[in-house]
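> The structure is given below, and queries will be raised subsequently.
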Ligand SMILES: [Zn+2]
């Protein structure tokens, strides 16, 4: 039986600031949103089969958002967090490309010295702006 993905990570709760506008009263406030930071374990856990090892190799450290909604500080009504980011990769978050992404960016920079790496081919999660999530 395949291991639960959580067996591959160390989980740690984390609060991150977010600035949201209430859809009812239109006031913008700063909120603390609960996330869990999942850090990949140093080695494959015991009991892992070949498929688990392959999965483990592809996993990346990431943050999962626990809160879907916040309570407006102005009017007291709950509203949904207006962001589709419920998962953030830690390397994306910290702006430090690693391994194959770094290699790809170096290759892109060398072949097109006057241009930034072409991010239009990347999945949407890499190109969407993350306003208000860096504090
Ligand atoms: Zn409000």
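Where a number appears in this text, it was derived from the coordinates with a stated rule and is not lab data. The shown structure was predicted, so the numbers you read here are calculated from the model rather than taken from an experiment. In this analysis, Cβ positions are derived from the backbone assuming ideal geometry, glycine residues included, and neighbour counts consider all displayed protein chains.
> Diagonalise the Cα gyration tensor of the stretch 5-95 and give the resulting equivalent ellipsoid semi-axes, square root of 5 times each eigenvalue, largest first, whole Å.
35, 11, 10
> Continuing with this model, one more query. What is the spin-label model distance, in nm, from residue 55 to residue 43 if the labels are put 7 Å beyond Cα along the C-beta direction?
2.0
> Taking Cα pairs under 8 Å and at least six residues apart, what relative contact order does the stretch 1-83 come out at, in percent?
Answer for the stretch 1-83 is 30 percent.
> Using a basic spin-label model with each label point 7 Å from the Cα along Cα→Cβ, how many nm lie between residue 73 and residue 24?
1.7
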